[in-house]
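Written out below as structure tokens is the structure these notes cover.
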Amino acid sequence: MRRSAPTYGLYGESNAQRPDFWLHWETIASRSQLHNWEIKPHKHDAFLQILYLRGGTGDAVFNGEVHAILPPVMIAIPAKYAHGFRFSKDMDGVVITMAASRFGALGRSFVDAEIGKWFSTPHLVLLHQTEGDRGFLAQTLEKLCQELMQGGLFHADLVEVHLRTAMLMAARITAAGQPEFNAGVEINARMKALDALVNRHLRDHHPAEFYAGHLGISVTHLNRIVKAATGQSTNALVASRLIDQAKRDLVFTTTHIKQIAYDLGFNDPAYFSRFFTRQTGSTPRQYRAEQHAKLTA
């Protein structure tokens, strides 16, 4: 029976010894030579890791599967994933350990969820090409290592920028073999464009056909994207945005309900009232009174 891999903060340290940091780096040699250049299978519950290896040889072991290390290469290892290494004594490289809780805050763009999915499995990204994306990734990793070693003005921000750029480039390079990753990026890109359109035209009460046309896709394709992202149809998404705005206006302004209806593009306040009641189960007047009561309780 296969034994489960032990869990470490940093390899060879117990969880109780784990320092309070979001990023730690060290050379491969500094820790591997303490263990005869072999890092036995283990896991990090709280950490993600990136290895940048310039020279030497070795093997990477992911969940019992052995993969040859042929530098230059970048290796990405997710949290909670059993991994180990065997390095030659001339291995030249660094290992960067990041707190998984901080990883989600590294970026704030629409691609973050997809990068998280990409980082859910280990990746070995070969960097033998000096041109194109792989060459740029190698240069970025060199810049990252230089910043880690030398520091200086804006050190923390530059480390974060280089690190994020490296992860994005590695994800782009490996995405060709992950159709589900490309699909996820498309969904997020389309949703970002749709959000901008809905915000601009919310009070015009356009149907799904309008938004599909502006995005250059069919209504069926748009509904499929919106369903995957939100669980709603496009029309339901627009309706929920209208309701959200109506709720804000009812709670945080003293504007008359009829005027709120007009401001939201409803020609008939009575229809707005029916629409709001159908969506929320309360009339606009009831909702306003209930929320004001909660705020003053």
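Determine, from the Cβ-Cβ distance of His292 and Arg248 and an R0 of 22 Å, the FRET efficiency 1/(1 + (r/R0)^6), rounded to the nearest 0.05.
Details: r = 13 Å, r/R0 = 0.61.
Using R0 = 22 Å, I get an efficiency of 0.95.
Neighbouring Cβ atoms within 10 Å as the yardstick, rank Ser273, Ser240 fewest first. Mind showing how you got there, number by number?
Details: Ser273 17, Ser240 13.
Final ranking by Cβ density, sparse to dense: Ser240, Ser273.
What is the fewest-to-most order of Tyr262, Tyr271, Tyr287 by other Cβ atoms lying within 10 Å of their Cβ? List each step's numbers first, then the result.
Details: Tyr262 16, Tyr271 11, Tyr287 20.
Ranking Tyr262, Tyr271, Tyr287 by Cβ neighbours within 10 Å, fewest first, gives Tyr271, Tyr262, Tyr287.
Each reported figure results from applying straightforward, stated rules to the coordinates on display, with no laboratory input. The structure displayed is predicted, hence computed values, not measured ones. Reconstructed Cβ throughout: ideal geometry from the backbone, glycine too, with neighbour counts over all protein chains shown.
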